[in-house]
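Following: one structure in structure tokens, then a few remarks.
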Ligand SMILES: *Cc1c(COP(=O)(O)O)cnc(C)c1O
């Protein structure tokens, strides 16, 4: 049997995968209502008065996560910036950032004038551990950003304890773990602030959007001003024609506000999230039952205290040698050809990421030049191992039918059985 990447018949013959994002007539209605309200922005007024949709979403999202307060933001990146600013992080400070993540946590630290210290991760989960945290903390360290990656969670109990002992502020980046629960409690509520991207690919999608949650009233008040040019909400909700923001200005902000049209989409999407979690988990369980029958393959481990998990990217680990001498890229490309949906390796660790280029920006260049060896020079064998032995798929792949799982398993078994053809020398017949 020839692999599809070499011209053989693909496991999945063109049957489409579930579309993402998902929307229906209700989404359209909500979006149209926001459009027709003439409000469009929290900074503008409504002829009818009442709270903005971004304020309603901030509160609804906090409630969903069991947090006291929620702030709607333009992006996950913006949420990281205002979280760091609310905690008082700035020039001279250093913030621990895991080496295995999207570039935004590191660039957010640079944007507030501080330095990200790139730290190795657990090779099995790609997540920061308490041991890595303790080993990296110095007298310059002021905070930690922990990222709950892909389809698992960092050991947040141990990390929160280690951060507390070291006197460090803790930000949880839950951009890949919306609604994951640890002993029944949502991730994002264990540190000082939880931040979320609500970008189009994420498991709660608003297009370009983000949110920050906290139990601390002082941090909430600061984040409101930080994200709306020093303005906070009025005490009472606005009457027709009145503005909802008041110039409080106890801390200087910038504009990271979420559009009202985006908030309308998110208010439609949030009530769907739990059913989607359940749907994906059903498919994931079927997939995991099947993986047990393919030697060398295993799901990314999930810590036992996780009693409900979000899946942003579903990850499969393979033992060295499972696909012969083929690289993770070669295996991923072969699987993509069999399935007609993208299978891909994790991004390269941040110390060698092409996206982390502080030297190209005048604002960052000097600071980075002086410190790069120290803050980004650590070896990251855990991150490198994770990167070289993990295959990822977008969560929407798990929003379909049981037959989809059969296709995933058949493709994995086929590519494993014919892996030597991926590295064979010469032309393939
Ligand atoms: C997506 C993502 C972000 C960035 O969010 P944006 O909304 O694109 O700014 C930050 N952190 C992690 C872990 C992410 O996955």
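A short reminder: the numbers here are calculations on the coordinates, not readings from a lab. Just so we're clear, the structure is a prediction, and the values are computed from it rather than from any experiment. Note: ideal-geometry Cβ built from the backbone for every residue, glycine included; neighbour counts use all protein chains shown.
Overview of values
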quantity	calculated
Spatial separation of Cα centroids for the range 327-404 and the range 170-246, in angstrom	27 Å
Computed lengthening from residue 352 to residue 201, 0.36 nm per intervening residue step minus Cα-Cα distance	52.0 nm
Ratio Rg/Rh, restricted to the range 47-122 and using Cα atoms, in which Rh is the Kirkwood radius	1.10
Along each principal axis, Cα extent of the range 102-198, largest first, Å	34, 27, 26
The range 258-380: mean projected area of Cα convex hull, nm²	12.7 nm²
Most to least packed among 117-127, 95-105 [average Cβ atoms within 10 Å]	95-105, 117-127
By average C-beta atoms within 10 angstrom, highest first, the peptides 303-314, 165-176	165-176, 303-314
For the range 100-133 versus the range 15-70, the gap between their alpha-carbon centres in whole angstrom	31 Å
Helix 362-376 vs. the chain, principal-axis angle (Cα, 0 to 90°, nearest 10)	50 degrees
Neighbour-count ranking [beta-carbon atoms within 10 angstrom, fewest first] of 357, 55	357, 55
Rotationally averaged projected area of the range 25-273 (alpha carbon convex hull; nm²)	12.6 nm²
By average C-beta atoms within 10 angstrom, highest first, the peptides 321-333, 9-21	321-333, 9-21
Acute angle (nearest 10 degrees) that the helix 273-291 long axis makes with the longest principal axis of the chain, alpha-carbon atoms	20 degrees
Cα convex hull volume per residue for the chain (Å³)	148 Å³
In degrees, nearest ten, helix 217-226 long axis to first principal axis of the chain (Cα)	90 degrees
